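Beneath this line is the structure, given in structure tokens, with notes to follow.
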Amino acid sequence: MSSRDMSYHAVMSRKNEIMKASLGIDYDDYIQSPIAFDYERMMSETGYSHADVERIQSETKVGNTPLFELHNLTQTVRRISPPGKGARILLKDEAANASGSFKARRASISAYEAQQKGYQGMIAATSGNYGAAVASQAAQRGLKAIIIQEVFDSRGVGQPEIIEKGRKCEAYGAEVLKLSVGPELFYLLLRTLEETGYFNASLYTPFGVRGVESLGLEIAQQVRTACGKDPDAVVITHAGGGNLTGTARGLLVAGAISTRIVACSVDLSGLHMASDHDFNRKSFTTGHTGFGVPFATWPDRVDVPRNAARSLRYMDEYQLVTQGEVFYVTELLSKIEGLERGPAGNTSLTAAITLARQMDQDQVVVVQETEYTGAGKHQNSQLSFARENGIEVRLGDPEESVPGKSIVIPKHLDQVRGKIQDMERLRTSYLKNAANQYPVDRWDETDFNFLAEDLKVSQDWVRQRLTDL
Ligand SMILES: Cc1ncc(COP(=O)(O)O)c(C=O)c1O
């Protein structure tokens with residue numbers, strides 16, 4: 001090894017250099033100001049067409065997953081809906097991808113790119129399914145994989161789902177660096193990238209989001225075949241935003257321009273993601289507000305200079321559900337549809353039930369993903385772990401639940417209600433974050449244009465909102 005200074009400050013100061021070498025993208029080419037950048041050019045210059053993506057993904061067991069109509073669930077929802085209401089509910093079975101989730105789409109193009117460019121391996125910092133996806137894609141392309149995972153609190157106790165995901169990474173041959181909760185993750189990522197010379201398979205690169213676009217394309221095509229129309233709404237579990245961004249972009253490419261894009265997260269408000277105390281007081285490790293809200297309101301808080309996952313660009317609506325509601329719906333899916341699936345996909349399924357109740361019977365709502373389940377992902381493991389950590393688990397009205405203190409599982413389906421978020425508030429919060437990043441008096445036409453596009457509003461809306469503030 002070289003005699004380079006590996007102290008925290010020295011490694012951090014070489015951030016840009018390390019990024020360029022490990023990714024081959026020079027973000028300076030796209031950056032226009034401290035807030036604006038040429039997003040579409042960055043996406044198109046990945047160099048992969050949709051046909052390329054389809055071919056690459058089919059080489060490594062990704063994509064072309066089944067779309068199921070959930071007839072029993074639809075009938076059940078109609079029984080608790082007003083007359084004429086109860087949209088058809090369809091489910092895209094993303095658990096069928098290699099490694100068991102849509103994240104395989106996200107890792108597939110990075111693995112191909114790494115292989116083409118002659119990298120020996122890939123690295124990703126993630127506690128989630130993405131690690132397993134990187135490991136599985138790397139294994140198929142003869143690359144090594146290193147996954148950096150936050151696993152433990154300071155007692156050395158790990159959340160069952162995170163332990164399961166670490167196990168899965170190792171099953172595919174990855175080396176897993178297991179950390180306790182803390183700020184050193186990014187430092188370790190940079191250091192490992194520099195030491196190994198491996199490819200940076202960050203979740204937030206254009207390659208990742210490009211890979212997810214195929215999911216939106218497939219949904220549009222399959223729903224047209226099954227229902228003879230475009231989906232009226234697609235419900236998407238939202239955390240870091242790549243799932244929503246990629247899927248929505250794919251739908252747009254397919255011409256499904258009137259489909260409502262509905263984000264959904266588990267409500268964990270009040271719990272702090274970086275807190276050692278709160279780390280093991282949640283039963284969901286992704287698809288929750290601890291990621292969903294901060295990433296929506298400021299996407300560029302990631303391990304690459306600009307984030308390709310920009311959820312507010314595409315989001316029409318944002319629904320929150322409680323942990324108890326998702327547990328109830330998870331069991332319902334098994335019991336009436338014969339599908340046992342994991343937590344993140346069932347989060348959007350939960351929101352879809354509330355939506356379907358308000359939509360007409362001839363409308364179509366698509367739950368955009370499932371994920372695999374078992375071991376620590378299973379609701380029984382999660383509920384036992386919650387009880388061991390002092391969380392009260394009971395039946396009742398989920399509205400009474402308090403994240404980190406109680407999980408209230410509904411007694412009846414009509415207690416599954418979800419909660420709509422105020423989009424104006426989210427957009428305003430994004431604007432405040434942008435203003436903190438770059439003083440408003442320096443914003444020019446390019447910035448206003450970028451912000452309007454990033455928030456799915458007009459420039460007038462942005463200017464008016466600033467005046468109101
Ligand atoms: C199975 C699954 N669904 C949805 C999500 C949320 O995706 P995103 O972080 O891109 O919003 C994740 C992220 O961890 C996931 O693993």
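Starting from the Cα-Cα distance between residue 449 and residue 221, subtract it from 0.36 nm times their residue separation and give me the gain in nm to one decimal.
78.9 nm is the gain from fully extending residue 449 to residue 221.
Cross-link partners for residue 432 among the lysines, with Cα-Cα distance under 28 Å and sequence neighbours closer than 8 places in the same chain left out: 15, 419, 456. Extension gain, residue 336 to residue 269, is 21.0 nm, computed as 0.36 nm per intervening residue step minus the present C-alpha separation. Structural descriptor for the chain: relative contact order 18 percent, calculated from alpha carbon pairs under 8 angstrom and at least 6 residues apart.
The packing ranking, built from the mean of other Cβ atoms within 10 Å per residue, places the peptides 135-141, 297-303 in the order 135-141, 297-303, highest first. Label reach from residue 15 (point 7 Å along Cα→C-beta): in region 429-469, amide nitrogens under 20 Å belong to 433-439. If you take the Cα centroid of region 282-337 and the Cα centroid of region 1-26, the two points sit 31 Å apart. From helices alone, the chain scores -14000 deg cm²/dmol at 222 nm; the rule is -39500 (n - 2.57) for each run of n ≥ 4 DSSP H residues, then divide by the residue total. Centre-to-centre separation between the Cα atoms of region 375-428 and those of region 224-242: 24 Å. Each of 367, 235, 393, 77 was scored by other Cβ atoms within 10 Å of its Cβ. Listed from fewest to most, they are 393, 77, 235, 367.
First check a/c for region 73-181, with a ≥ b ≥ c the square roots of the eigenvalues of its C-alpha gyration tensor; if it is under 1.5, answer rounded, and if not, answer prolate when a/b is larger than b/c or oblate otherwise. Taking the square roots of the gyration eigenvalues as a ≥ b ≥ c, region 73-181 is oblate.
In this label model, residue 463 and residue 361 are separated by 5.0 nm, measuring between points 7 Å along each Cα→Cβ vector.
Per residue, the average separation of C-alpha pairs within less than 8 Å and at least 6 apart gives region 1-146 a relative contact order of 16 percent. Remark: the residue 5-residue 29 segment gains 5.8 nm on full extension, using 0.36 nm per residue and subtracting the alpha carbon distance.
So which aspartates and glutamates can residue 85 reach, going by Cα to Cα under 12 Å and dropping same-chain residues fewer than 8 places off? Answer for residue 85, where 12 Å is the Cα cut-off: 360, 362, listed by chain and number. Here 424, 195 are placed in order of increasing Cβ neighbour count within 10 Å, fewest first, which gives 424, 195. Each of 370, 65 was scored by other Cβ atoms within 10 Å of its Cβ. Listed from fewest to most, they are 65, 370. The lysines whose alpha-carbon is closer than 17 Å to the alpha-carbon of residue 411, local same-chain residues fewer than 8 away aside, are 335.
Would region 129-268 count as rounded, prolate or oblate if I go by the C-alpha gyration tensor, calling it rounded below 1.5 in a/c and otherwise prolate when a/b exceeds b/c, oblate otherwise?
Cα axes put region 129-268 in the prolate bin.
With a simple spin-label model that places each label point 7 Å from the Cα along the Cα-to-Cβ direction, the separation between residue 441 and residue 175 comes to 5.2 nm.
So for region 217-300, averaging the separation of alpha carbon pairs under 8 Å that are six or more residues apart and normalising by length, what relative contact order in percent results?
33 percent
On the basis of the beta-carbon distance and an R0 of 51 Å, residue 412 and residue 432 show a calculated FRET efficiency of 0.80.
Within 15 Å, Cβ to Cβ, of residue 73, how many net charges do the neighbouring residues add up to if Lys/Arg are +1 and Asp/Glu are -1? Net of charged neighbours comes to +1.
At what distance in angstrom do the alpha carbon centres of region 128-167 and region 32-52 lie from each other? About 29 Å separates the Cα centre of region 128-167 from the one of region 32-52.
Laboratory data are not the source of any read-out in this text; all were calculated from the coordinates shown. As the structure is a computational prediction, the values presented were derived from the model and not from experiment. Glycine also receives a Cβ, built like all others from the backbone with ideal geometry; neighbour counts cover every protein chain displayed.
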